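> The structure that follows is given in the form of structure tokens.
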Number of protein chains: 2
Amino acid sequence: MGRPIRTRRQATLASLAAELGVSRTTVSNAYNRPDQLSPELRKRVLDTARKLGYPGPDPVARSLRTRKAGAIGLLLTENLSYAFRDPAALGVLEGLALACEDAGVGVQLVPARPGEEDVATVHRAGVDGFVVYSVPDDDPHLNAVLQRPVPTVIIDQPVLSGVDRVGPDDAAAMTTLAYHLIGLGHREIGVLCMRLSRDRNDGFSSRERQEKAHYHVQRTRLTTLAQSFEAVGVDWSTVPVVERFEHTVEDGASAARQMLDSNPQVTALICTSDILALGALDEAKRRGLRVPADISITGFDGISDAERAELTTVYQPVRDKGRSAGNLVLDPTRRGTGNPVTQQVITLETELRIGKTSAPPRTAEQHWFGP
Amino acid sequence: MGRPIRTRRQATLASLAAELGVSRTTVSNAYNRPDQLSPELRKRVLDTARKLGYPGPDPVARSLRTRKAGAIGLLLTENLSYAFRDPAALGVLEGLALACEDAGVGVQLVPARPGEEDVATVHRAGVDGFVVYSVPDDDPHLNAVLQRPVPTVIIDQPVLSGVDRVGPDDAAAMTTLAYHLIGLGHREIGVLCMRLSRDRNDGFSSRERQEKAHYHVQRTRLTTLAQSFEAVGVDWSTVPVVERFEHTVEDGASAARQMLDSNPQVTALICTSDILALGALDEAKRRGLRVPADISITGFDGISDAERAELTTVYQPVRDKGRSAGNLVLDPTRRGTGNPVTQQVITLETELRIGKTSAPPRTAEQHWFGP
DNA sequence: ACCCTGAACCGTAACGGTTCAGAAGGAGAT
DNA sequence: ATCTCCTTCTGAACCGTTACGGTTCAGGGT
């Protein structure tokens, strides 16, 4: 079944109109508004189009005229292989894709390498709006997006004046989790967190580094933890925080190893993501530590693997994050950018899910009165 | 940090040129060819642009002129939630995204619902090429894509004249797997497969249905299996094949249950995907069947969960599939479509990975001479 | 015979750029 | 003084479409 041979020059709506002896408008109508011309003429137009190998109106020219590209750009300044392996990121992508699919609009992954200074790809993307996810605060790509005169929604980022935002209340969620552990009696804690900045630092993280983290989410979770524990008298500068640049179960395990090797006294391991927590569980098992009897381990995100592992964690509706962002960026009543008056900030509900990986610590008291 | 207030009408390259008293060419050059004008003038242009809130050349207008959209369309006629949960599909997407990222080109998920007859989204997508994956043979969207005068690469689909294709040699791979089991001595087999057509059929699948499957990959795997086992004297019409519409571990388990409830004699369960096989493993465990002592179970794809489970399976490089497709569709030496002369068919290597889920069956002989 | 209406079709003007051949002007070589 | 070349900038053509505000014409009502 051969497709029509490509003639020297592709047929256009105009050449087709000329061939037919009708106006271009009529040809356009044949495709876009069938009710505007007689069925016979329409058939003749379409037949001739086929004969001439005219593939129908050019999408780009149409977009220029109608001012609609029919796609939303997704900015994800993260290693792609990384994003595609992170269940939370995938959830966001899925939610966004679903919202866009409902609207008959595409989702375009805008190429933007982590270190890359060249933001041309952002400028060249023919999209009707942007959704930004998992980008460090000072990323040049983010700035380039904000320059574009299209609606933009940011996920999990600090609120920027005039820019819509979708995300959970990380601080509140982390506080709840912290008080769950505090209530159980934990005071000797260790923290495993994801990368805090673009520079690699696999190991302990100073308090200054925590506070200056470029990744908003991680920064919030850590500073909130600090506040909660300091409120009950824990000196945060004595709390070990191990950072990992890569976000894999294996890195979670190695981080836990590093932590426990040098801080065997910790009774609870708080991880800023479920992936890291799953790794920590592996490492605990490897060491023969019983969870939660010997050590409590908590995660963050509520991915399905965590549920399977009955991990104590904070569930956040990642799919809804993507979907809300999509609905917001597509909302026709909110065309135009940077209007502070109509700025929307959607805060999603989170839920502390207490699994089987958290319990009271084996305290000194228990030892004294124990068998 | 306020972004410039939106004036009644967005500034354009022309209005900027007028303001500056220079030609549009000069403004265009200020952005695209800095060497074509003096640094002073360029600075003046860019400064004035900022002042007027001109966001730089419009991407769509540029695309119209340059005939480049800067994006590749991905056609995936599958429930999105489904695709995002299938590790094989994700691998393809990741590979494609990586190849495109290297070229500074975006990947656009073209919205195309499974049942949807409306192919307008395909016609409206402003892309420089298409990659088609996991689409039934007769999908209208696929036809719409082939109509478009842009390069197209199909993954895992039967070879279409004039259309580039990337995929493994499913037939050869399945034959190897079949002979592995045949060599072990299995003759009583059962098969679990994914959906064969758009209509739902959760249950046993007739031979006719297998041969008429709209999903090329599944069809090939089944017919190849049939040929291999018939070659050693097995009557395929006696081989039970259980089909599942959804592709989840749970469905794999339920399929295995249905199979073993009515066919307890089978010594090997051949699954056309790892996901199904993982479910079958769960079900075997639930029944107290030892794998592989009591029953052999095999998968297909070689996803990472399968590796962890030490499943006997056929590994195929899903990431490379996506990457090859991307490189092919982007290849500048192969512009233009449907040129049968330059048609490329890339066949990827597969590898039989023998894990710990396949072993010889407990044959009648063994029973006779056993303890 | 008149006016009016609706269906069918048309012409022009954008939409916002890029590109290419060449003009203007000055510097340096002969 | 003339020629050549280079740098810098310009003018006009072109990309392929759709929006907009018409015109034309057959037929219905009175």
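The values are calculated or read from the model by the stated rules, or taken from the named source; none is laboratory data. This structure is a prediction, so every number in the text was calculated from the model and none was measured. A quick note on method: Cβ atoms are made from the backbone with ideal geometry, for glycine too, and the neighbour counts reach across all protein chains shown.
> Give the residue that is modelled with the lowest pLDDT, with candidates limited to residues of the range A:31-55 that are acidic (Asp, Glu) and near DNA strand C (Cβ under 9 Å from one of its atoms).
Per the criteria, the residue is A:Asp35.
> When both residues are 6+ apart or on different chains and their Cβ atoms are under 6 Å apart, which pairs have a first residue that lies in the range B:9-30 and is within 21 Å of A:Leu64 (Cα to Cα) and at pLDDT below 90, and a second that is near DNA strand C (Cβ under 8 Å from one of its atoms) and outside any helix (DSSP H, G or I)?
Listed by first residue and then by second, the contacts come to B:Ala11/B:Tyr54.
> Kindly establish whether A:Leu269 is in contact with a helix residue (DSSP H, G or I) (Cβ under 7 Å, 6 or more places away or on another chain) and touching a residue at least 40 places away in the same chain (Cβ under 8 Å).
Considered against the rule, which asks whether it is in contact with a helix residue (DSSP H, G or I) (Cβ under 7 Å, 6 or more places away or on another chain) and touching a residue at least 40 places away in the same chain (Cβ under 8 Å), A:Leu269 comes out as yes.
> Is there a residue in the range B:56-71 that is within 30 Å of A:Ala89 (Cα to Cα), in contact with an Asp or Glu (Cβ under 9 Å, 6 or more places away or on another chain) and away from DNA strand C (no atom under 16 Å from the Cβ)?
Within the range B:56-71, one or more residues are within 30 Å of A:Ala89 (Cα to Cα), in contact with an Asp or Glu (Cβ under 9 Å, 6 or more places away or on another chain) and away from DNA strand C (no atom under 16 Å from the Cβ).
> Check A:Ala103, A:Ala99 and return the single one that is away from DNA strand C (no atom under 16 Å from the Cβ) and crowded, with 20+ Cβ neighbours inside 10 Å.
The conditions single out A:Ala99.
> Given the range B:140-204, what strands (runs of 3 or more DSSP E) lie entirely inside it while holding 2 or more residues that are closer than 19 Å to B:Asn263 by Cβ?
So the answer is B:189-193.
> Among the residues of the range B:43-56 satisfying the criterion of being within 12 Å of DNA strand D (Cβ to nearest atom) and in contact (Cβ under 8 Å) with a residue 12 or more places away in the chain, which is surrounded by the fewest Cβ atoms within 10 Å (Cβ to Cβ)?
Ranking the qualifying residues of the range B:43-56, first place goes to B:Arg44.
> Shifting gears a bit: Taking the range A:205-218 only, how many residues are surrounded by 14 or more Cβ atoms within 10 Å (Cβ to Cβ) and assigned to a loop (DSSP other than H, G, I, E, B)?
Residues meeting the conditions: 4.
> Continuing with this model, one more query. Of the conditions (1) surrounded by 22 or more Cβ atoms within 10 Å (Cβ to Cβ); (2) more than 16 Å from the chain's Cα centre (by Cα), A:Thr152 satisfies every one except a single condition; which number is it?
So A:Thr152 meets the others, but not (2).
> Additional query: Yes or no: the range A:67-76 includes at least one residue that is closer than 26 Å to A:Thr121 by Cα, at the interface with chain B (Cβ under 10 Å from one of its Cβ atoms), under 12 Å from the mean Cα position of the chain (by Cα) and surrounded by 22 or more Cβ atoms within 10 Å (Cβ to Cβ).
Within the range A:67-76, one or more residues are closer than 26 Å to A:Thr121 by Cα, at the interface with chain B (Cβ under 10 Å from one of its Cβ atoms), under 12 Å from the mean Cα position of the chain (by Cα) and surrounded by 22 or more Cβ atoms within 10 Å (Cβ to Cβ).
> Further question: Being within 10 Å of DNA strand D (Cβ to nearest atom), farther than 30 Å from A:Pro59 by Cα and surrounded by 17 or more Cβ atoms within 10 Å (Cβ to Cβ) is true for just one of B:Val27, B:Val22, B:Val60. Which residue is that?
That would be B:Val22, the only listed residue that is within 10 Å of DNA strand D (Cβ to nearest atom), farther than 30 Å from A:Pro59 by Cα and surrounded by 17 or more Cβ atoms within 10 Å (Cβ to Cβ).
> Scan the range B:2-23 and give yes if some residue there is part of a helix (DSSP H, G or I) and under 30 Å from B:Arg319 (Cβ atoms), otherwise no.
For the range B:2-23, residues part of a helix (DSSP H, G or I) and under 30 Å from B:Arg319 (Cβ atoms): absent.
> Same structure, new question: Considering only residues that are modelled with pLDDT of 95 or more and among the acidic types (Asp, Glu), which ones fall in the range A:285-324?
Across the range A:285-324, the qualifying residues are A:Asp294, A:Asp301, A:Glu310, A:Asp320.
> From the set of residues in the range B:77-101 that are among the small types (Gly, Ala, Ser) and more than 16 Å from B:Pro136 (Cβ to Cβ), which is farthest from the other protein chains (Cβ to nearest Cβ)?
Restricting to residues being among the small types (Gly, Ala, Ser) and more than 16 Å from B:Pro136 (Cβ to Cβ), the top hit is B:Ala88.
> Ok, one more. Got a number for residues in the range B:163-183 being over 24 Å from B:Arg319 (Cα atoms) and either without any contact (Cβ under 8 Å) to a residue 24 or more places away in the chain or crowded, with 16+ Cβ neighbours inside 10 Å (or both)?
Of the residues in the range B:163-183, 5 are over 24 Å from B:Arg319 (Cα atoms) and either without any contact (Cβ under 8 Å) to a residue 24 or more places away in the chain or crowded, with 16+ Cβ neighbours inside 10 Å (or both).
> Further question on the same structure: Within the range B:104-132, which residues are without any contact (Cβ under 8 Å) to a residue 60 or more places away in the chain, more than 10 Å from chain A (Cβ to nearest Cβ) and under 29 Å from A:Ala112 (Cβ atoms)?
Once the filter is applied, which keeps residues that are without any contact (Cβ under 8 Å) to a residue 60 or more places away in the chain, more than 10 Å from chain A (Cβ to nearest Cβ) and under 29 Å from A:Ala112 (Cβ atoms), the range B:104-132 yields only B:Val132.
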